[in-house]
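Below is one structure, written out as structure tokens, with a few remarks after it.
Each reported figure results from applying straightforward, stated rules to the coordinates on display, with no laboratory input. As the structure is a prediction and not an experimental result, all values here were calculated from the model. Please note: Cβ atoms are built from the backbone with ideal geometry, for glycine as well, and neighbour counts cover all protein chains shown.
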Amino acid sequence: MRLSDFDYELPDDLIAQEPAFRREKSRMLVVNRTRRGFRDDEFVNFPSCLNSGDVLVLNNTKVFPARLFGKTETGATVEIFLIEKLPDSIWRALARPARRLKPGKRVVFDSNLAGTIVKNLADGGVQIEFDFNGDFYDVLSRVGRTPLPPYIKRSSDGDSLDDRERYQTIYAKSSGAIAAPTAGLHFTDTILDRIRSRGVEIIEITLHVGYGTFEPVRVEELSQHTVQPERYEIDARAAEILNSARDGNRRIVAVGTTTTRALEHAATKYGGFEAVSDIADLTITPGNRFKAVSALLTNFHLPRSSLLILVSTFGGHELIMNAYGHAVASRYRFYSYGDCMFVE
């Protein structure tokens, strides 16, 4: 299939700019692969979509404030968007405007945080080496800003206190993501308790969402498309429960495309699940055979994106694109702060 097969028209006013007034107060489109149909519902009813014996898998990565604004020696303002931690205090980052930042250029972000450009990268990014006082992540929590997607517009370059709370799952633990696993944003403690009361096991894994998750697809022929690797971890308890579910022919329900990528990489590489810290370099495109995930909760994704391609591969291209057409016509809210879809 080709990238153009994953295009659709979305009015700008359907791109959610704010989260729902309560996390669980989102709409949910339930898509059934067997019946090849879909129905409108609400996320508050998601527990009733699950069965006793199911295993629900959450991604507990935590978004860190990866956007930095600083000034060069000449007083020019630049933005640094941290992408990947490298050895020592060096990071790979996106820079704007990159033309101002040559090797040796120094950028001051705060009295406790500055950086020196080490290298310019072919993709328009940079390597930057930081010097700072105290713990780097503590400094970032004060100086950095929430890395909201560019389609979420704010009146200034800053985030808000509400964004800092709501662009984070309630079970976020392991800092390292530059974007939220947004399917998890709908959950509350009450919803999770209701799920457990139905006899569903809930486990957590970690995949640190990186730039590859939302990097534009730049090829028309999808057989040539690759998504940048992302680091993930599965602990021994989670591996044991996942293997037991597979052996017992019980459903593994993934919350989000990032969770799906980690589970499918592990099942493909190891033939099952192990306690691992590994790199997910699996790109899921049409023709992929899913080896772990039986059902998927996900938000609505951008046209022509790797995430829409993954969901379409899981649910079937025609069914998912028809479901997206219904969601547009029914005025669902789209993208990170939007509504969700459950593909069963």
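Residues whose amide H comes within less than 5 Å of that of S26, counting only those at least five positions distant or on another chain, are F43, V44 (H built at 1.01 Å from N in the peptide plane). The relative contact order of segment 257-344, computed from alpha carbon pairs under 8 Å that lie at least 6 residues apart in sequence, is 32 percent. Nearest 10 degrees, 0 to 90: what angle lies between the long axis of helix 236-247 and the longest principal axis of the chain (Cα atoms)? So the helix axis and the longest Cα principal axis differ by about 30 degrees. Given in Å, the Rg to one decimal and the Dmax to the nearest whole number for the Cα atoms of the chain are 20.4, 65.
Here is the list for segment 54-161: GluC sites (Glu not before Pro) lying in DSSP coil, each with at most 14 other C-beta atoms within 10 angstrom of its C-beta, are E73.
Helix 257-270 and the longest principal axis of the C-alpha atoms of the chain enclose an angle of approximately 80°. The lysines within cross-link reach of K62, meaning a Cα-to-Cα straight distance under 29 Å and a gap of 8 or more places when in the same chain, are K25, K71, K85, K119, K153, K173, K269, K291.
Once C-alpha pairs closer than 8 Å and six or more residues apart are averaged by separation and normalised to the residue number of segment 67-144, the relative contact order reads 26 percent. Working ranking of peptides 267-280, 216-229, 286-299 by packing, defined as the average number of other Cβ atoms within 10 Å per residue, highest first, is 286-299, 267-280, 216-229. Relative to the longest principal axis of the Cα atoms of the chain, the long axis of helix 306-315 makes an angle of roughly 10 degrees. Computed on segment 216-344, the Cα convex hull volume stands at 113 Å³ per residue.
Among 302-310, 131-139, sorting by the average number of other beta carbon atoms lying within 10 angstrom of each residue, highest first, gives 302-310, 131-139. Pairs of Cα atoms in segment 1-113 fall into 10 Å distance bins, from 0 up to the last occupied one, in shares of 9, 22, 22, 23, 17, 7, 0 percent.
Over all Cα atoms in segment 67-144, the spread is summed up by Rg and Dmax: 11.2, 32 Å.
Contact order for the chain, expressed relative to its length and based on alpha carbon pairs under 8 Å spaced 6+ residues apart, stands at 25 percent.
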